[in-house]
Amino acid sequence: MNSKFRYLAAVGLMVVTTPSACFAQGDIVIADFEGANYGTWKVEGTAFGAGPAKGSLPNQMSVEGFSGKGLANSYVGGDDSKGKLTLPPFAIERKFINFKIGGGKSEQLGIRLLVEGKTVRSATGTNERPGGSEALQWTNWDVSEFKGKSATLEIFDDKTGGWGHISVDNIIQSDTAKTVIPREREIVATEPWLLLPVKNGAPKRTIAVSVGGKELRNFNMELADGEPDWWARLDLSLWKGQKVLIKTSALPDDSKGLDQMYQSATMPDAATAYKEALRGQLRFSPRLGWLNDPNGMVYSQGEYHLYFQANPFGWAWDNMHWGHAVSPDMVHWTELPVAIYPHSAGDMVFSGSAIVDKNNTSGWKKGPNDLIVAAYTSTGRGECIAYSTDKGRTFTDFENNPVIKHKGEGRDPRLLWHEPTKQWVLVVWSQDDSWPVPSERGGIDFYTSPDLKKWTYQSRVGGYFECADLFELPLENGTKKWVLTAASSEYRIGTFDGKKFVPETPKLPGMQGRDYYAAQTFSHEPKGRYVQIGWFRTETRGMPFNQAMSIPSELKLKTTPEGPRLTWTPVPELESLRTQTHTLGAQSVFETGPNPLAGIKGDLFEIRAEFEPGTANNITFDVRGVPVSYNAAKSEISVGGFHASAPLQGGKQRLTIYVDRTGIEVYASDGLTFVPFNTNLKADDLDWGLTVTGGTAKFSKLDVYNLSSSWKTGAK
Ligand code: FRU
């Protein structure tokens, strides 16, 4: 069959299927809209264009559920265009006329069947986008009473404005009625997980999960109609022994997406979990699915909690939940089940923070555990509060949520206790387009509360964007200063009286690397440290997970000739990963000299170096093919070609470099310069080198450590 529109009217009927029905005659395809034009259909107006559409048209929401590549779609020129397709007379020869239809619901649009010039049947769309896309659904007319008669068909669009378009495909005469294929399955939850097949890049479907007639989960996923790339999992453990109804939005007729879901206590990739080629070994990443910002970082009862923006059902950003992991030391992480689920369809759980309400100011404490209280952004409601009495495993939403609603956009609440005024503080980004100074329309708002429930607006500092953090740090002389920072890691130092932040510095650059974002510090760190973890934006294609966290760094304030500045220092807990130590000792390294690191190999390692550049121009560590170089003339460090200022401290450069499979963290100038750098290191380049150009550099320390993986084996 050539590309021409395969219209088969009375002249040349094509029998496409002979299904099992014993005496049923084969189906007759009236139109499948697979050709370049509409063939014998008469085209009037502009709405249907000159030929069938290939799926969605420009500016149209996604259209799904049609077969093959083409369909009749009246969105040409948008909703306001009008038009009609008329099929010349054909004979009605079967009991049913089946077709797929979607788009607007109106008497002014649809498809109609005319017999002897009179409309005898008609149908229109649904005004619905199940799962965010307009799905064409099977419909049928019983036309047995007209058998043998001549008829015509019209697909028409006389409607302008919203939903002023219709889509039709697969018009088929048949002795069997095609109806919407039920896309639901009921299971009895027996195993901990329902495994869901994912095909990266496949059209998104909606999955709705109900228990006891109540919809409890609703998410989008790239459901694999055939062979999956990987399996996601839905936690069934809460519903053990109960009936669980799983419904999907429209799927292609032959999709196995729903049928191939199965229950299990183990994942098919358990043997390779956490050992994948692009799995960072020194840092947290989700076992499956997508991660972005760290959330709710809080220490309680021996555990560091790391919640995180998670899409458990896809490789890319969507369906934001709060994933959850715990660690005794911020280095070795164990992932736990999702802690906060979206409240309802499309109401996602965006970033936020957590604290322990030690004095039970909220009154929510029950039992012996710490009362952990989280603040998060609900995309449908505003800033919300939730609390946990089971060591942060599950959260109860505060019944009077939202506690704060912004005029415009706003998100990512950061909670803290302000001891001098004995009250809670919430800092949160919002966009206020009525603010007089344009550069300050994005800013951080300060609210206070006695009980975490009622919040009072106090003040605002302009010139910031999402994911605020606020903490107090001492200078070397013991004077304490407040630091206000946000997602980009830029910060200001100033004073804070519990209500108002008064900056004493301009905005200062924070970390100087790439792809470190939305960092947050732990609340109640037991040693009183402010330890920061950022979203380390690695891209791990081909893996069943994507993105990772940075390693933890302690933040401190340091006095410099320019004023106080933040420093980043990797936490000493990371030293527990060291396996082999190479203490290479004080030495001079010169241009024509040997490579002091020759013979040392490995994929995970830490370098600690201290040197005076002397007469050298460049001192370069070759980190498995990525150059980390100090340029003496420019007082600059470059990591994989990315440059950052790195002044000597007391005539010396001190460098700490952590090397993982998907990136490098470089600390220079005693932590004043922090360069997180993501790059997928070559698996076959395990060599390390140190070269110097231009003269001789004098190393007072050169220590290299092989590191082990922080992951425990035995994943399910
Ligand atoms: C930052 C951010 C936050 C938001 C979250 C959504 O990366 O955009 O502002 O809460 O991600 O996932």
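Within the stretch 513-531, track down each residue that is more than 15 Å from the ligand (Cβ to nearest atom) and modelled with pLDDT of 95 or more. Scanning the stretch 513-531 gives 521, 522, 523, 524, 525, 526, 527, 528, 529, 530, 531. The residue list 233, 205, 217 contains one member that is basic (Lys, Arg) and at pLDDT below 95, which is 205. Residues in the stretch 64-88 that are of a type outside the set (Gly, Ala, Ser), within 20 Å of residue 162 (Cβ to Cβ) and open to solvent by less than 10 Å² (accessible area, probe 1.4 Å): 73 alone.
Is one or more of the residues making up the stretch 498-511 aliphatic (A, V, I, L, M) and farther than 25 Å from residue 571 by Cβ?
Yes, the stretch 498-511 has at least one match.
Checked against (1) modelled with pLDDT of 95 or more; (2) farther than 22 Å from residue 571 by Cα, residue 652 passes all but a single condition, namely (2). Among the residues of the stretch 303-313, some residue qualifies, meaning at least one is outside any strand (DSSP E or B), open to solvent by less than 10 Å² (accessible area, probe 1.4 Å) and out of contact with any helix residue (DSSP H, G or I) (no Cβ under 8 Å at 6 or more places or on another chain). Total residues in the stretch 343-361 satisfying the condition of being within 16 Å of the ligand (Cβ to nearest atom), in a loop (DSSP other than H, G, I, E, B), buried (at least 16 other Cβ atoms within 10 Å of the Cβ) and of a type outside the set (A, V, I, L, M, F, W, C): the figure is 1. Of the listed requirements (1) surrounded by fewer than 19 Cβ atoms within 10 Å (Cβ to Cβ); (2) modelled with pLDDT of 95 or more, residue 124 misses just one: (1). Out of 364, 417, one residue alone is more than 16 Å from the ligand (Cβ to nearest atom) and outside any strand (DSSP E or B). It is 364.
Checking each residue in the stretch 226-250 for being over 21 Å from residue 394 (Cβ atoms) and buried (at least 20 other Cβ atoms within 10 Å of the Cβ) picks out 228, 230, 231, 248, 249, 250.
Exactly one residue out of 567, 592, 579, 560 is away from the ligand (no atom under 16 Å from the Cβ), surrounded by fewer than 22 Cβ atoms within 10 Å (Cβ to Cβ) and within 29 Å of residue 411 (Cα to Cα): that is 567. Of all residue pairs spaced 6 or more apart or on separate chains, those with beta-carbon atoms under 8 Å, a first member in the stretch 535-550 that is farther than 12 Å from residue 280 by Cβ and a second member that is aromatic (Phe, Trp, Tyr) and in a loop (DSSP other than H, G, I, E, B) are 544/315. Note on the stretch 316-342: residues that are within 15 Å of the ligand (Cβ to nearest atom) and either open to solvent by 50 Å² or more (accessible area, probe 1.4 Å) or in a loop (DSSP other than H, G, I, E, B) (or both) total 7.
Restricting attention to the stretch 615-662, the residues being part of a loop (DSSP other than H, G, I, E, B), touching a residue at least 24 places away in the same chain (Cβ under 8 Å) and either under 21 Å from residue 567 (Cβ atoms) or under 38 Å from the mean Cα position of the chain (by Cα) (or both) number 9. Tell me, yes or no, whether the stretch 256-276 has at least one residue that is touching a Ser or Thr at 6+ places or on another chain (Cβ under 6 Å), at pLDDT 95 or above and within 24 Å of residue 679 (Cβ to Cβ). So far as the stretch 256-276 goes, no, none of its residues is touching a Ser or Thr at 6+ places or on another chain (Cβ under 6 Å), at pLDDT 95 or above and within 24 Å of residue 679 (Cβ to Cβ).
The values are calculated or read from the model by the stated rules, or taken from the named source; none is laboratory data. Since we're looking at a predicted model, the values are computed, not measured. All Cβ positions, even for glycine, are placed from backbone atoms using ideal geometry, and neighbour counts span all protein chains on display. Heavy atoms of the whole protein, side chains included, go into the accessibility calculation; ligands, DNA and RNA do not. Shrake-Rupley method; radii C 1.70, N 1.55, O 1.52, S 1.80 Å.
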